[in-house]
Each structure stands twice: as structure tokens, then as C-alpha cells.
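The block underneath contains the structure these notes are about, expressed in C-alpha cells.
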Amino acid sequence: QVQLAETGGGLVQAGGSLRLSCTASGRTSSRYAVAWFRQAPGKQREFVAAITWSGTSTIYADSVKGRFTVVGDNAKNTVDLQMNSLKPDDTAVYYCAAGSPRDSFRSASQYDVWGQGTQVTVSS
């Protein structure tokens with residue numbers, strides 16, 4: 001069983017940058033994809049970005065495309081989310097998730113292992 005832990009959240013001003021890291025421990029698999037989701041207060045959890053464990057494919061939500069980059073390091077068992085040009089609307093708890101999606105990489109139901117989340121707050 002894989003366990004995930006996120007680090008790197010915090011408070012940043014609009015226009016600033018943060019880098020989140022998701023570290024996997026336990027039995028990982030090359031069949032896994034790792035995704036980042038976020039949930040703001042009073043809103044549903046939404047897809048942010050995903051990467052295949054091989055790192056060959058990435059996908060982004062339109063709202064973060066061009067600002068966020070997801071990158072994996074198999075040697076360290078980490079998947080990082082580099083967030084640039086942050087906006088107040090990016091404020092949320094960010095979760096990483098792992099699974100073997102059969103359908104859409106954007107769907108939370110495709111992931112069966114989740115981290116505990118890390119808070120990102122962007123001030124205006």
C-alpha cells in the first residue's frame with residue numbers, strides 16, 4: 001500500500017510562487033499516476049494537474065495551465081507542483097493522490113490513495 005504526504009504549503013502574496021511536494025512511501029507502481037487536487041472552503045474538490053509515474057504525460061486544468069508545472073522524480077518517489085503567478089483564487093487545501101486511472105485523469109474517483117493535504121493561502 002502506498003502512503004502519500006504533502007509538504008510545502010504556506011502563505012504567499014499574489015504573483016508569488018510556491019512549490020508543493022508529494023512524497024510516496026510503500027509499494028509504488030509504474031502503473032500509477034499522481035494527481036494534485038485542491039479544495040477551497042465551500043467548494044468541491046477540483047482537479048489541478050496529473051502526471052504518469054513514468055513522467056511521460058502531464059495534464060493540467062485550464063485554470064492553472066501556463067502557471068503550474070507538475071514534475072516527478074522516480075529516484076526520490078516525489079511529485080512536485082511548482083506554482084507561479086499565484087492568484088487569490090488559488091487559495092485552497094491542496095491534496096496529492098495516486099491511482100491507476102482507467103478513465104479520466106481529472107476525476108477524483110480514479111485515485112484511491114490520498115495525502116492529508118497542505119494549505120495554500122494567496123493574499124491580495
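Leaving out ligands and nucleic acids, note down the accessible area per residue over the chain with a 1.4 angstrom probe, in whole Å². Working shown, then result.
On the way: 6440 Å² over 124 residues.
Accessible area per residue, the chain: 52 Å².
Bridgeable lysines around K43 (alpha carbons under 22 Å apart, same-chain partners fewer than 8 residues away excluded): K65, K87. With Cα atoms defining each centre, the stretch 107-124 and the stretch 36-51 are spaced 6 Å apart in the structure.
Over the residues of the chain, compute the C-alpha Rg and express it relative to 2.2 N^0.38 Å.
Working: Rg = 13.4 Å, N = 124, 2.2 N^0.38 = 13.7 Å.
Taking N as the residue count of the chain, the ratio is 0.97.
For K87, the residues whose modelled amide H falls within less than 5 Å of its own, excluding neighbours fewer than 5 places apart on the same chain, are G15. Element breakdown for the chain at a 1.4 angstrom probe: carbon and sulfur atoms account for 46% of the accessible area. Dimensions of the stretch 1-66 based on its C-alpha atoms, expressed as ranges along the principal axes with the largest first, amount to 37, 24, 22 Å.
Given a 10 angstrom Cα cut-off, can you work out which residue in R19, R38, R102 is the most mobile in a GNM of the chain? So, out of R19, R38, R102, the one fluctuating most is R102.
The values are calculated or read from the model by the stated rules, or taken from the named source; none is laboratory data. The structure presented is a predicted model; accordingly, all values stated were derived computationally and were not measured. Only protein heavy atoms, including side chains, enter the accessible area calculation; ligands, DNA and RNA are left aside. Shrake-Rupley method; radii C 1.70, N 1.55, O 1.52, S 1.80 Å.
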